[in-house]
1. How many of the residues in the range 66-92 are on the phi > 0 side of the Ramachandran plot, assigned to a loop (DSSP other than H, G, I, E, B) and free of Cβ contacts under 8 Å to residues at least 24 places away in the same chain?
2. Are there strands (runs of 3 or more DSSP E) fully within the range 163-259 with at least 1 residues that are touching a strand residue (DSSP E or B) at 6+ places or on another chain (Cβ under 8 Å), among the basic types (Lys, Arg) and within 27 Å of ALA42 (Cα to Cα)? List them.
3. When you go through (1) assigned to a strand (DSSP E or B); (2) modelled with pLDDT of 95 or more; (3) buried (at least 18 other Cβ atoms within 10 Å of the Cβ) one by one for PHE63, which number turns out not to apply?
4. Does VAL135 fit the bill of being among the hydrophobic types (A, V, I, L, M, F, W, C), in a strand (DSSP E or B) and modelled with pLDDT of 95 or more?
5. Answer yes or no: is there a residue in the range 241-253 that is touching a residue at least 40 places away in the same chain (Cβ under 8 Å), among the polar types (S, T, N, Q) and either within 30 Å of ASP192 (Cβ to Cβ) or in contact with a Cys (Cβ under 9 Å, 6 or more places away or on another chain) (or both).
6. Which of the residues spanning the range 46-62 are more than 18 Å from LEU234 (Cβ to Cβ) and touching a residue at least 12 places away in the same chain (Cβ under 8 Å)?
7. Checking the conditions here, which among GLU179, GLU200 is under 14 Å from the mean Cα position of the chain (by Cα) and of a type in the set (Asp, Glu)?
8. Against the conditions (1) under 16 Å from the mean Cα position of the chain (by Cα); (2) buried (at least 18 other Cβ atoms within 10 Å of the Cβ); (3) not hydroxyl-bearing (Ser, Thr, Tyr), where does ALA237 fall short? Just the number, please.
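The values are calculated or read from the model by the stated rules, or taken from the named source; none is laboratory data. Keep in mind that this is a model prediction, so the values were computed, not measured. Note that each Cβ is placed from the backbone with ideal geometry, even for glycine, and that neighbours are counted across all protein chains shown.
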Amino acid sequence: MKKALVVLTLLLGFVSAHAQAGTSPDANQQKARALLNAMVQAMGGDRWLALQNSYFYGRVSGFYQGKPTGAIQDFFQWRTPDGKERAEFGKKHDDVVIYADDQCREATYKGKKALPKDICEDYQRRRNHSIDVAVRLWLTDPNTIIVSDGQTLSERHLTDQVTMISAANESITIQMDSETHLPRSRTFQWRDPLYKDKNEEREEYDDYHTFDGIPTAFSITRFKNGDMTSQRFLYKAAYNVPLPPDAFNIDAAAAKVKK
């Protein structure tokens with residue numbers, strides 16, 4: 001009920017604002033959809049939509065309350081559009097994390113284990129509100145409401161902002177560079193099940209390089225409630241790389257980690 005009231009409030013405000021501006025909700029939604037389609041074309045169009053997997057090699061740094069924790073790791077990451085992910089950490093690739101089939105597991109020299117519930121839920125929440133999911137699922141759902149929020153600044157870049165509201169009353173806000181149409185940020189909110197307060201998750205994208213016809217953000221900064229939580233810099237990216245059949249099998253990963 002609370003979610004429905006929130007969405008209703010947003011929609012009433014949206015209709016009122018555009019009535020005053022002399023534009024219709026239908027026209028606004030058409031504009032928002034056109035902006036998202038332009039973003040998809042900028043990201044590679046049909047080539048991006050047909051991706052089988054993605055590979056990234058880079059470095060990730062941790063932050064707490066916006067300050068560096070000193071935790072810096074190399075990572076090697078494989079992703080598929082259907083939600084599978086494998087990440088290997090350290091120069092020896094001796095810490096493997098696999099997200100697949102709604103399970104989150106880790107393999108180290110000590111063996112395999114399930115990741116803590118909060119870490120798994122955090123990953124799934126981010127994945128369910130990713131730009132990938134927004135485009136491949138939300139945008140194609142006729143029940144999704146799409147709103148153009150106008151232009152705004154994101155890290156000194158002029159952007160076009162669009163908010164998508166799913167049939168489940170979840171929302172994603174995407175800011176796209178007004179010149180290149182590439183994503184500059186993605187933001188969503190969620191309510192803590194224990195404390196009931198609202199949290200905001202935001203990712204900012206910068207330093208794009210093109211690999212295999214796919215523009216790729218080499219800098220990704222993540223925030224929670226305004227505080228920086230991590231920063232990722234890429235060294236390399238590749239797409240549609242050959243993957244072994246057991247790439248997302250935790251047992252196979254555990255067997256290969258050096259004891």
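1. Of the residues in the range 66-92, 1 are on the phi > 0 side of the Ramachandran plot, assigned to a loop (DSSP other than H, G, I, E, B) and free of Cβ contacts under 8 Å to residues at least 24 places away in the same chain.
2. On the way: elements: 171-177, 183-191, 198-211, 214-224, 227-239.
Filter on the range 163-259 gives 183-191, 198-211, 214-224, 227-239.
3. If we test PHE63 against (1) assigned to a strand (DSSP E or B); (2) modelled with pLDDT of 95 or more; (3) buried (at least 18 other Cβ atoms within 10 Å of the Cβ), just (2) comes out false.
4. no
5. No, the conditions are met nowhere in the range 241-253.
6. ARG47, LEU49, GLN52
7. Just one listed residue meets the conditions, GLU200.
8. So the condition that ALA237 fails would be (1).
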